[in-house]
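Here's the structure we're looking at; comments come further down.
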Amino acid sequence: MEEKDAHLQSELGKRRRSLLGVSWTIEPPRNATPAEQRDCEMIRELLEDFTWLDDAIFDATDAVLKGFSAQEFSGWEMVEGLQLPKGIVWRDPAWFQTHPDDWNQLRLRDGSKEGAALNPFGWIMHKAKSKSGYLARTGLIRTLVWPFLFKNYSVRDLAEFLEIYGLPVRLGKYPEGATEKEKATLLQAVLSIGHNAGGIIPRGMEIEFQNAANGQADPFVVMMDWCERSMSKAILGGTLTSQADGKSSTNALGNVHNEVRQEVRDADLRQLAATLTRDLVYPLFALNGKSFQGPRRCPRLEFDVTEPEDMRDLAYPLRALVGMGMQIPAQWVRDKLQIPAPKEGEEVLVIVDKQAGAGEAALRAQGLAALAAKSPVQGDNNDAQLARLQAEVAPLLASMTDAVQALVMQATTLEEIRDGLLALEPNLSHDELGALLAQAIAASELLGMLEMEEGN
């Protein structure tokens, strides 16, 4: 099916390749001991060194269409004191059958009724559940076969329509008493004259040309479009991430369809992580782990499906909550923003603390010198302006926030906070703050005009 339908192959390729760019990690068990943490780090390093791991992940996603994907380890070998797989090979689904008494158990075909059992630590057997049911029904193959079949019929009908489109209808007339051989000769002439533009028929027979065959290809195209949209819905959960129809393809709706596709990707990753933990991480842990005591304390492979939060949307609420006294773990913020903790000795970003008075004096001196000499201002005027504004605004904001914070800390109910804020509002003057901001805006505009005039 994938080789015969370009749209089907493209949509399945999008879903399968989307898993390759997701980072993964090896997580230790809960309350891990130092030995378990060392084993976890060892397994992570081994997986990073496996050059075939990306191919194994991609081949495992073949189960999305067929319900399962089987990959066989090509043997194990001792390398530097560790038992490691030599490689892995994808196996055709035709090699396998289900057990007659358990339709969810895969076994190798060997000519027997029950088949041969799979060797332990020998396979990565991924089963993708697109819907509930027995193994043979969990893949998308049974859902996609119908639009695939209908589309192929429509393509065939369209090809036949295009073959005769514009050609006149040819009618052969034979006299009464014509033999079967004469009828066959006339029929052959009628069929071939459209392509060869010539032919011979017996005397007494004739060929008439009627109106040219006409019609439209729209019904065939509509059917093929419906089939392709149905495939996209089944595979990706939507249609607007595949193509735009010019009618319902709005940006907002496209974003919604893309979010649905991400949800489908995350579900695929969760199923794949469980398979890789069972069939790859556990064998490595059992054969090489110093802390191995059983499968319950096995490390697990996890894909990172979290999306980084918008810093602007998170920064202001955090500042307000921390100012109110809420204790927020720094690691939680790092996880939300996907910013790693700095390692020991690693350079970190810092805010340079400038004295407001020095910045103000330097700005005034540089500005006067520039106006007198009509020369460009040297230094970072924007930083000096910002330092001056921060120094002058800080006392005004502190007088407001201190009163509000004291009210919130003393209140016991939301009603007390509401009434207290209404009572404080007349005493909170904004005139001085507004005048200060107006001066800062005017100064920045003058500075910009000066820099534009000097060509900076």
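Think of region 308-349 as having a plus end and a minus end, set by charges on the Cβ of Lys, Arg, Asp and Glu; of Ile339, Leu321, Leu349, Leu321 sits farthest toward the positive end of this dipole. The reciprocal of the average 1/r between distinct C-alpha atoms defines the Kirkwood hydrodynamic radius, which for region 25-163 equals 18.4 Å.
Taking K and R as +1 and D and E as -1, what net charge do the other residues with C-beta under 15 Å from the C-beta of Ala286 add up to? Spelling it out: positives minus negatives among the neighbours equals +2.
The alpha carbon centroids of region 109-126 and region 83-102 are separated by 6 Å.
Only counting other Cβ atoms within 10 Å, I'd like Thr33, Thr277, Thr239 sorted with the fewest neighbours first.
Details: Thr33 12, Thr277 19, Thr239 22.
Going from sparsest to densest Cβ surroundings: Thr33, Thr277, Thr239.
The simple spin-label model puts a point 7 Å past each Cα toward its Cβ; for Ile417 and Trp90 those points are separated by 5.7 nm.
Over all directions, the average projected area of the alpha-carbon convex hull for region 308-349 comes to how many nm²?
Details: hull surface 14.1 nm².
Taking a quarter of the hull surface, the average projection is 3.5 nm².
Can you sort Ser132, Ser74 so the residue with the fewest Cβ neighbours within 10 Å comes first?
Ser132, Ser74
Read the figures in this text as sums done on the coordinates, not as results from a lab. Please read all numbers here as calculations on a predicted model, not as lab measurements. Cβ atoms come from the backbone with ideal geometry, glycine included; neighbour counts cover every protein chain shown.
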